[in-house]
Amino acid sequence: MTQGNGTSPVLSIRNLTTTIQSDGLIFDVVRGLSLDVYPNERVCLVGESGCGKTIAALSVMRLLPEAGEITGGSILFKGRELVSTSERDIRAIRAEEISMIFQDPLTSLDPSFTVGSILKELIKVHRGGDDKSAAALALATLAEVEIPDAKSRMDAYPHQLSGGMRQRVMIAMALVLDPDLLIADEPTTALDVTVQAQILERLVEEQRQRQMAMLLITHDLAVVASVADRVAVMYSGEIVEQAPVDQLFADPRHPYTQGLIRALPHVSPRKEPLYSIPGRVPPPQFTPPGCYFAPRCPYAIERCWQEHPPLEPDGGDRLLRCYNPQPFALL
Amino acid sequence: MRRIVSRTGYMILILILSSIAVFYAIRLSGGDATAAALPASTTAAQREAFRERLGLTAPIYVQYFQYAGRILTGDMGNSLTNNADIGQMLIRHGKNSLILGAAAFALVFVIGIPLGIWASVRRNRFADQGIMTFSVTGMAIPNFWLALLVIWLFASTFHLLPSAGCCEPRHLILPAVVLAFEGIALTVRMTRSAMLENLGQDWVRTARAAGLSEIRVIGKHAFRNALIPIISLAGLRIGQIVGYALVVETIFGWPGLGQVLVNAVLRRDYPVAQFFSVVLVALVVIGNWLADLGYVIANPRLRRA
C-alpha cells in the first residue's frame, strides 16, 4: 500500500514468518505478515490475545525469546534489512532509531537502578559523552513526558513510582534518543483507565511533535479509535484487513473486523447480552487449508474452506483478505 | 533501619545464650580439668585445692557469672595447660585463622560467582552441565575426605605442595581450597539460579531494547540483581567456613583458632575451650549480621521502604 504523497515507508514488513518452538514442536506464530508504516503516521495493529501481535513487534526489534526465530520474509527499516543484520548493528538501531515500550511498566524497569542512572546509561551507551550532559538530557526528557518534580525523580528507584509514572519513564527511555519509529505494545493495558487516557495523549502528542512513525499494538478498539491514522487487523498471525481508521470503523469489511466492532460494549435500549465472536482463535499449530477465520465466520462459503484468501486492495486505501465480504450491520 | 536494630539485638541474645550453653556443655561433658594441668603424681587433695582455686567447685551458674564478670572487664584468663594468656592466643591464632578463612571466603566468591554466571549463560549446554556436575560433586564430598585426597595427590604423589604447616603462601593453598570447596559448589548453584531468574525478567528485555550489549545486560543488570540473594547467603558461607575450620586446620596442622579449640577440648582446658567456642559462635553470628546488613544495602527496595 502506498500513500498519496509518495513518501516511502519507514518500516516495511513483507511476508514475515516467525516461529516459536514449544515442547519440541515448532509453530508459526506470525505467518506471512505484511505491513507498512510511513513517517509521521500512527498505525494500530489490532487483534485478540495470541494472534501474534507482540511476536511481530519483537521480530522487528529482533528481541524474540530464545525459542523464537524469524524463518521467512523481510523487515526493511529505512531501506535496511533487519532480519539479516548483525547483532551489533541491531543494537545500535535499538533506542536510537527504533524504540519499544512494553505492556507492564511494573516489571519492565530494573529494580536495582535509579530512573536517572537507567536513562543516563542508555544515553551514554549510544551517544557517549559525559555524565553531566547525559543527566541534562535525561532530566529534560523526563520533564517532557510530564513527570512532575522530574529532578528528584532522577534519584528514585522504580518501586518508588506509581504504574503511570513508571510508564512515563519507559516512554522517556523510548524517546530520549529521538527515534524514527516507536513501537508501543499494549502500553496502557496494565494501567487505570484515567491514567490510560493521559498516557495515550502523551504518546500522540510526542509522535506529533517529533514527527516520528508510531506502531501501536493493542486489543482495545477504543484505543485504536483515539490514536490511529491507519488500522491493521491481525488474526491468527496475518493481517486480514487494513484501512484508514474512519473507514474501518464506518464500514468494516472483514467478518472478523465486523465481529470485533460488534462486540464493543455500547449503550443499547434493548437489554441484550454482549455480542461475542463464536469459537476461539485457532492454536498456531492448527492451520486450516483455507481461510484461518472460516471456522468462526458466519459468511464462509465453500471456497473459504479450500483456498487461503490473499490480502488484496478493496477500493481506496483498504486491503482485505476475504472471499465473501458482506455489508456491516450493527445487529 | 529497624531491621538492622532488631538483628543487632538478636545477635547479642544469641551470643549470651550460646556462651551459657558452651559453659554448661564443657563442664557437664565429664573429664577432669586437673588431669592436663597437673602432673600425674599430684595427690587428690592437691587436685581438690587446685579446683578450689579455679572456682570449679562452685555451682556452674555461679561460675558462669564470675566468668562473665571477668570477661567484661577484659580478663580472659589463662590456659590451664601452659598458663598462656588467652588474649595473646586469640591474637596469634586468630591472625592465622583470619588468613585461612579470608582466603577460603574469597575463593568461594571469586570462583563460585563467575562459574555460576557462565553456567547460566550457557544454560543446558555442555559448559553448564559440566559446571553443575562439579557443583553436585563439591556438595557431596565431605571435606575431611577431600583434605586427605588432596594431600595424597598434591603432597605425597606429586610433591607440589606441603601437606601441612604454616605460614607461607604455599602452606595456605591446600587448606584454603578444601575449606572453600563446598562453599564454591553452593555459590555456583545459587548464582546460576539467581541469574536465570533475573534473565527471565521483563526489565532484561527493556535493557536489550535500549540497545545495551549482552555484557552490560548480563554483567551489570542481571548480576546486580542476582547479587542480592548471593550476599544474603554469604553469612551462611562464613558459618560454614568457621565450622569446617576445626577439621581442616587440624588436618593441615594450621595453627588457627579451630586447632586451638580442638586441642583445648581434648585436654579439658576449660578457659581456653569455652572462650574460643564463644569466639567461633561470635564469628558466625557477626557473619550473619553483616550479611543482613549487606542484603539491606544491596536491595534498594528494602533500603528506603
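List of remarks:
- Cα principal axis extents for chain B, largest first, Å: 84, 56, 28
- Solvent-accessible area buried by pairing B with A, both sides, nearest 100 square angstrom, 1.4 angstrom probe: 2300 Å²
- Highest-first packing order for the peptide set B:11-20, B:40-49, B:111-120 is B:111-120, B:11-20, B:40-49, based on the mean count of other beta carbon atoms within 10 Å.
- Chain B, helix-only ellipticity at 222 nm - DSSP H runs n ≥ 4, -39,500 (n - 2.57), divided by all residues, nearest 500: -24500 deg cm²/dmol
- Accessible area (Å², 1.4 Å probe, nearest 10) - residue A:219: 100 Å²
- Chain A: proportion of alpha-carbon pairs further apart than 29 angstrom, %: 41 percent
- Residue-normalised accessible area of chain B, expressed per residue, 1.4 Å probe, Å²: 50 Å²
- Mean projected area of the convex hull spanned by the Cα atoms of region B:163-305, taken over all viewing directions: 11.4 nm².
- With distances taken between every two different alpha-carbon atoms, region B:128-197 has a Kirkwood hydrodynamic radius of 13.2 Å.
- Normalising by residue count, region A:51-145 has a Cα convex hull of 145 Å³ per residue.
- Taking the convex hull of Cα positions in the protein assembly as shown, its mean projected area over all directions (nm²): 40.5 nm²
- Area accessible to solvent at residue A:165, 1.4 Å probe radius, in Å²: 40 Å²
- Counting only lysines at least 8 places from residue A:53 when in the same chain, those with an alpha carbon closer than 22 Å to its own are A:78.
- Its Cα centre serving as origin, region B:129-279 has a Cβ charge dipole (Lys and Arg +1, Asp and Glu -1) of approximately 340 debye.
- Solvent exposure of chain A amounts to 43 Å² per residue of accessible area, where only protein heavy atoms count and the probe is 1.4 Å.
- With a 10 Å cut-off around each Cβ of A:112-122, the average count of Cβ atoms from other chains is 4.
- Computed from Cα atoms alone, the Kirkwood hydrodynamic radius reported for region B:1-105 is 16.7 Å.
- Fraction of beta bridges assigned by DSSP in chain A that are antiparallel (%, nearest 5): 60 percent
- Tensor-based shape of region A:90-129 (alpha-carbon gyration tensor, a/c under 1.5 rounded, otherwise prolate or oblate): oblate
- Candidates A:218, A:287, A:141: whichever shows maximal mean-square fluctuation once chain A is modelled as a Gaussian network with Cα springs under 10 Å: A:287
- A cut-off of 5 Å between modelled amide H atoms, ignoring neighbours fewer than 5 places along the same chain, links residue A:36 with A:13.
- Shielding score for A:59-71, defined as the mean number of other chain Cβ atoms within 10 Å: 1
- Share of carbon and sulfur in the accessible heavy-atom surface of the protein assembly as shown [1.4 Å probe, %]: 60 percent
- Note on the protein assembly as shown: with charges restricted to the Cβ of Lys and Arg (+1) and Asp and Glu (-1), its dipole about the Cα centre is near 1860 debye.
- Relative contact order of chain B, pairs being alpha-carbon contacts under 8 Å that are 6 or more residues apart, as %: 27 percent
- Peptide B:217-225 shows a mean partner chain C-beta count of 2 within 10 Å per residue C-beta.
The values are calculated or read from the model by the stated rules, or taken from the named source; none is laboratory data. Everything quoted here is computed from the prediction, not taken from an experiment. Using ideal geometry, Cβ is built from the backbone for each residue, glycine included, and neighbour counts are taken over all protein chains shown. Ligands, DNA and RNA are stripped out before the accessible areas are found, and what is left, the full protein with its side chains, is counted by its heavy atoms. Shrake-Rupley method; radii C 1.70, N 1.55, O 1.52, S 1.80 Å.
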